[in-house]
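The values are calculated or read from the model by the stated rules, or taken from the named source; none is laboratory data. Not measured: the values here are computed from a predicted model. Note: ideal-geometry Cβ built from the backbone for every residue, glycine included; neighbour counts use all protein chains shown. The area values use the complete protein model at the heavy-atom level, side chains included, leaving out ligands, DNA and RNA. Shrake-Rupley method; radii C 1.70, N 1.55, O 1.52, S 1.80 Å.
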Amino acid sequence: MSMQTPANVFAQPTPAVVHDAYWIWPGHYTWDNHNAYGLFRKPFTLKAVPKKAPLVITADQSYQLWINGTFVCRGPARGFQSHWPYDEVDVAKYLRKGKNIIAVRGHNPGFSNFQYLTQGNSGFLMAAKWGSEKIVTDGSWKCLRDAGVSQDTVPVSLQLFAQEQVDARVSPQGWTEIDFDDAKWTGPSVAGRWNCMPWNTLEPRGTPMLDEKKVYPHKLLGTQQGDCAPGYEHTRCVVLTRSAEELSHSAMKSDETGRHLEVPPTGEKKFRSYLIDYGHTVVGSLSLKITGCKGGEIIDTLHVETINAEKLQPDLVPWAWCRMRFGYRLVCRKNETTYDFHHPYGFRYLVVTVRDTSAKLKIESTLNWIGYPLHRNGGFHSSDAVLEKIWETCEWTQQCCSLDAYVDTPWREQAQWWGDARVQGWNTFHLNGDARLFRRGIHCIASQTTPTGLTYGHAPTMAHSCILPDFTLIWMITIWDYYWQTGSVEPLFAHEKTIDGALEYFRQMTDKKLGLVKYDNRYWLFLDWTDIFKDGYPTVLNVWLVVALEKLAELYRLAGNVKKAKSLETWAQSVRAALKKLINKKGLLRDGYTHERKVVESTCVHSQTLALMANLNPTNVKTMLDTSLLPFIRETETPKAYPSAYWITYVFTELINQGYAADVITFIRKHWAAMSEHGTTFENFKPARGNESFSHAWSAHPLFHLMNTIGGITQTGAGWKTIRFKPEFIGNNGGATVPTASGPIISKWTRNGPVVNVTLTLPPGIKATVVFPHAKEQVVTGAKSWIVRL
């Protein structure tokens, strides 16, 4: 079967108007780039406002755009300079007849991190043509290096950008407005045309622009005052400074939200702080407005995920592995100071610390919330309030971790880990049906490889310690996931070179005697965050290889490349044969071989789960369930290699497929309840406060598992053309709505004792195999209803 392949969205021609644009930067585009901010202004006049006004814009590394003083958007999506992403935005609603002003803040970190790779250049580029009016970046723009932002600050974590510390007495005020006087600003340095090096080509982001909205604090929890720590006036890290002071707070008896603070004078070298709760995890950049300033007052912020509720003290471990130090500093100008910070943080609790004030200040804080437009097209309902709350918590976690990429957490890293992203893709397909962010991630991961052919665990990245061979296999499997959701094999062709390079690595790492891939100590073999066998010739790595080979073979057959499909199938069969030698006398799949080719006798849950997934051991399914998966899920036994809150999604999937949905639901209800009380799902079941993440989407998978079980809807065909409908009748009622390209699939059921009224609505072109207790399977289309007797 041959399939017509849609064009690669990232290979589209750059709009013609961009060909007249130049990369520009204040000062010099390669000089003193560390934590550098450039401000840009361009006036223009319109005889009439066009109905549509497309504007192409990008910056290396990021920008914020204002038109006529109104904030428009930020971007671009993360990417690589060799094919740098741009945004195209319709700005018609921001324009006016007569004089207009475009104002842009550009930022370049000057160093690489877990979402960006520097090529030594800074740059901003923009182009638009509306009728006879053409605006492009060139030497005619006015620009300024923002000297008010300190360049000498620490990174906010091991994985991210530098801390923002701003002296508003130096930074220009009102520079985004039309009537701002920029006479002393200079022209930019011009790096070169739109396709100069290092930005050899440009590509569309391929995803929507982020949603932005104003979000306000939920509750003011407490206050504290004391002496400022030594050296507070000039510090590279406002968080370390604050950690040297009293961090606990006295509880507030009022119902104040903390949005408007009236701060009494602190006195010289003294501080007053306020602990504010946003109610759940939020993601965005802070905007502050301070009135009553004498000039020179210091406002510091600290952003954390959790607090000690008794002491009202933020959980802060600034010397932990990832060095989390999320904070801003704003030094006030005289009278009124307003400032919009550039970088987004993910957090729940905010500490605002005011220093060196001699008069009462009024402080208004607003969060400029950002997120991928993950509009809820799907849904879940249950009479069990705990399950509903867990589903809502998973949904919000997915939203918090969906930015310009699927990120592991908006707090510590904001990195596009691809094992995590596979789970997030499944969540999105059930919640929203949008595959664009998933597709962009596949593209990003394909764009950064080792000389041996492996992809990186996340990308773009400077983290050469984060190369995970198992995540490379999962990346290949996600190309199949994309097909499963959309029916398209386009990524197979777009990234065939990367696929071939990765497959060659696994060929080279295959032991000829055992027929299995061995551990390569140049890289980090992750497999799962648990005490699983990862040395020698691990079973789990090799079963993932079988799954990847067979999924790729299926895609090549669909695409008409039978020769390549057969080659991959033959390889997969040889690995299957080698793995079957590891089945012990009890019928369990052992965990691999040592480097000396001696059998490892342990039989972890992970190995049995993947054996079920790959149908590797069909004659011993009951043994694997009864002696491994079921004792684990029912908690009658605690395995040494306990599946993490991330990896357990695979255990859930296989148990549901084998008819043990009720056990999965019981486990979810118990172990996700604490997460639902916090408001986002955790990095692991019991994360270390202040160190490990409380907002991790890799554990938000109950979102789709509950829709598969209580809702009963499980996909069985590409593009959702076929499903299995097998609701688990737990509680008094339940159901789910799953979005598809053909329309929503909707299930509802209500139970009255042993009788259940069930309805299922299918869009045109979708078939369902219906499975009820004590009844024959049936295949249905359209809208159906049943009375089921249990």
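Residues that are free of Cβ contacts under 8 Å to residues at least 24 places away in the same chain and surrounded by fewer than 24 Cβ atoms within 10 Å (Cβ to Cβ): does the range 646-654 have at least one? Scanning the range 646-654 turns up no residue that is free of Cβ contacts under 8 Å to residues at least 24 places away in the same chain and surrounded by fewer than 24 Cβ atoms within 10 Å (Cβ to Cβ). When the range 115-136 is filtered for residues that are surrounded by fewer than 17 Cβ atoms within 10 Å (Cβ to Cβ), modelled with pLDDT of 95 or more and in a loop (DSSP other than H, G, I, E, B), the ones remaining, listed by number, are 119, 120. Scanning the range 572-608 for residues that are touching a residue at least 60 places away in the same chain (Cβ under 8 Å), open to solvent by 30 Å² or more (accessible area, probe 1.4 Å) and under 29 Å from residue 484 (Cβ atoms) turns up just one, 577. Of all residues in the range 99-114, exactly one satisfies the criterion of being open to solvent by 20 Å² or more (accessible area, probe 1.4 Å) and assigned to a strand (DSSP E or B), namely 99. The residue list 306, 291 contains one member that is open to solvent by less than 10 Å² (accessible area, probe 1.4 Å), of a type in the set (Val, Ile, Thr) and farther than 19 Å from residue 164 by Cα, which is 306.
Within the range 236-292, the set of residues being assigned to a loop (DSSP other than H, G, I, E, B), at pLDDT 95 or above and of a type in the set (Ser, Thr, Tyr) comprises 248, 266. Taking the criterion of being hydrophobic (A, V, I, L, M, F, W, C) and touching a Cys at 6+ places or on another chain (Cβ under 8 Å), the residues of the range 151-210 that qualify are 154, 158, 168, 185, 209, 210.
A search for C-beta distances below 7 Å between a residue of the range 316-334 that is under 21 Å from residue 694 (Cβ atoms) and any residue that is open to solvent by 20 Å² or more (accessible area, probe 1.4 Å) and of a type in the set (S, T, N, Q), counting only pairs 6+ apart in sequence or on different chains, returns 316/243; 317/691; 318/243; 320/691. With the requirement that a residue be open to solvent by 40 Å² or more (accessible area, probe 1.4 Å), over 35 Å from the mean Cα position of the chain (by Cα) and under 21 Å from residue 716 (Cβ atoms), what does the range 760-785 give you? Matches in the range 760-785: 773, 775, 776, 777, 778, 779, 781, 783, 784.
Residues in the range 247-288 that are within 14 Å of residue 354 (Cβ to Cβ) and among the charged types (D, E, K, R): 262, 268, 269, 270, 272.
Can you tell me which residue within the range 624-636, out of those that are surrounded by fewer than 16 Cβ atoms within 10 Å (Cβ to Cβ) and more than 34 Å from the chain's Cα centre (by Cα), is nearest to residue 655 (Cα to Cα)? Filtering first and then ranking leaves 626.
Determine which single condition residue 260 fails, assuming it passes every other condition in (1) under 17 Å from residue 351 (Cβ atoms); (2) open to solvent by less than 10 Å² (accessible area, probe 1.4 Å). Here residue 260 meets the rest and fails (2). Residue 724 - would you say it is open to solvent by 10 Å² or more (accessible area, probe 1.4 Å), under 30 Å from residue 304 (Cβ atoms) and either out of contact with any Cys (no Cβ under 9 Å at 6 or more places or on another chain) or without any contact (Cβ under 8 Å) to a residue 24 or more places away in the chain (or both)? So residue 724 fails the test. Across the range 399-421, the number of residues qualifying as touching a helix residue (DSSP H, G or I) at 6+ places or on another chain (Cβ under 7 Å) and either farther than 24 Å from residue 488 by Cα or open to solvent by 20 Å² or more (accessible area, probe 1.4 Å) (or both) comes to 3.
Yes or no, residue by residue, for (1) small (Gly, Ala, Ser); (2) at positive phi:
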{"site": "228", "(1), (2)": "no, no"}
{"site": "285", "(1), (2)": "yes, no"}
{"site": "296", "(1), (2)": "yes, yes"}
{"site": "299", "(1), (2)": "no, no"}
{"site": "313", "(1), (2)": "no, no"}
